[in-house]
Amino acid sequence: MYYVILVLVLTVSCKEAPEAVEDTNADEALTQTLEPTGGRMVDLTSEAMNVASRWLAFVTAQNEIRDLRNATGHQIIANADPLRQIMNSLSSTLPDTLKVTPIESRVTVLVTKAEVLHQQTTKKNQSVSEIFEAATSLINEFENFKLQLNERFLPAPGDFQQELERQFGIPADTIPGN
């Protein structure tokens, strides 16, 4: 009987040891810095920057996303809720000049990605890879949002033809040399 109890105690204690090792590995992984992949850095055009620089929620979001690019897992977890609040603020303070369907859709995607990141960081069994993946996705979507802001201020096709005519003095309906 003594041997059965000893084997039972050893079995239970051996099962607890791997969990401690997993926690240590997770803590070590959370000290690593996020290295976003698959995205591009988008610079705003002067027209888009003019509107965005006066939009406090955008400036705040841009700073937070910049900081997120070099954040550790612990920092991502700590900033997930503020990021979610900032993205909600983007949605609620959208300037009238930007209230068009493509931009509103991008803001909705940002809110959703921030919610996903927040959910990943508040789960009982956190997955470091899922947290980093959600953070990278949020960063990439913010760059897509900036691209959409740039597209909002592109000249219309008619304006483009007028600009060509003005710069080069060629009527749009003629081809030189014919």
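The values are calculated or read from the model by the stated rules, or taken from the named source; none is laboratory data. From a predicted model like this one, the values you see are computed outputs, not experimental measurements. In this analysis, Cβ positions are derived from the backbone assuming ideal geometry, glycine residues included, and neighbour counts consider all displayed protein chains.
So the values come out like this:
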| quantity | calculated |
| --- | --- |
| Any hit, the stretch 126-134, residues being over 19 Å from Gly38 (Cβ atoms) and either in a helix (DSSP H, G or I) or among the basic types (Lys, Arg) (or both) | no |
| Within the stretch 105-156, considering residues that are without any contact (Cβ under 8 Å) to a residue 12 or more places away in the chain and basic (Lys, Arg), the one surrounded by the fewest Cβ atoms within 10 Å (Cβ to Cβ) | Lys124 |
| Ser105 vs. criteria out of contact with any helix residue (DSSP H, G or I) (no Cβ under 7 Å at 6 or more places or on another chain) and at pLDDT 95 or above | yes |
| Residue match in the stretch 108-125 (condition: under 18 Å from Glu35 (Cα atoms), part of a helix (DSSP H, G or I) and more than 11 Å from the chain's Cα centre (by Cα)) | yes |
| Only listed residue being within 17 Å of Glu143 (Cα to Cα) and β-branched (Val, Ile, Thr), chosen from Ile103, Ile76 | Ile103 |
| Selection within the stretch 66-102 - touching a helix residue (DSSP H, G or I) at 6+ places or on another chain (Cβ under 8 Å) and within 16 Å of Leu149 (Cα to Cα) | Met87, Leu90, Ser91, Thr93, Leu94, Pro95, Thr97, Leu98, Val100, Pro102 |
